[in-house]
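Visitor: Here it is: the structure, laid out below.
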Amino acid sequence: MSWFNRAKPKDVWEDPVEQPLGDIEAAQRIRAICRAAADCAEKVGASSGRPPPKHQPERDRYERAARVAMEIAMKISDGLVRDAAVREIVGLCMKAKNIKTARTLFRAIHAPSIKADVLKEHPTLRDERA
């Protein structure tokens, strides 16, 4: 039964990048990573009250995807494109109920229109001190 011995397919965020990405390509890659990791982030978010070992593989996948997406976002030079990309990562963090990371990333968004859209989607990110 050779189908049991098949190699696990690579995740989008594990694919090597052959050349430096431009801002638009980097934002597209972040969007692809966040969409591919959405299912495991939702499982992590849904299992917040359950024992961690059951969903540890999903948690690991989510954390790797978020880390790679954040590393790519840091290299984007255009502020508006970077803010749009960070918005995607905030959405991924919110699916995993990782509020602490989502708040930190939300504070990194400078564009008022993107910030307002994120607050519409995720009102829990509103700063309590303001």
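Derivation of every value follows stated rules applied to the coordinates shown; laboratory data play no part. As the structure is a computational prediction, the values presented were derived from the model and not from experiment. FYI the Cβ positions are ideal-geometry reconstructions off the backbone, even for glycines, and counts take in every protein chain you see.
Visitor: How do Met70, Met94 line up, fewest other C-beta atoms within 10 Å first?
Guide: By the 10 Å Cβ count, ascending: Met70, Met94.
Visitor: Where the eigenvalues come from the Cα gyration tensor of segment 20-125, what are the semi-axes √(5λ) of the equivalent ellipsoid, largest first, in whole Å?
Guide: They are 24, 16, 9 Å, listed largest first.
Visitor: Kindly put Arg103, Arg61, Arg82 in sequence by how many other C-beta atoms sit within 10 Å of each C-beta, fewest to most.
Guide: Arranged by neighbour count, lowest to highest, Arg103, Arg61, Arg82 become Arg103, Arg61, Arg82.
Visitor: Could you please rank Cys93, Cys34, placing first whichever residue has the fewest other Cβ atoms within 10 Å of its Cβ?
Guide: Exposure proxy ranking, most exposed first: Cys34, Cys93.
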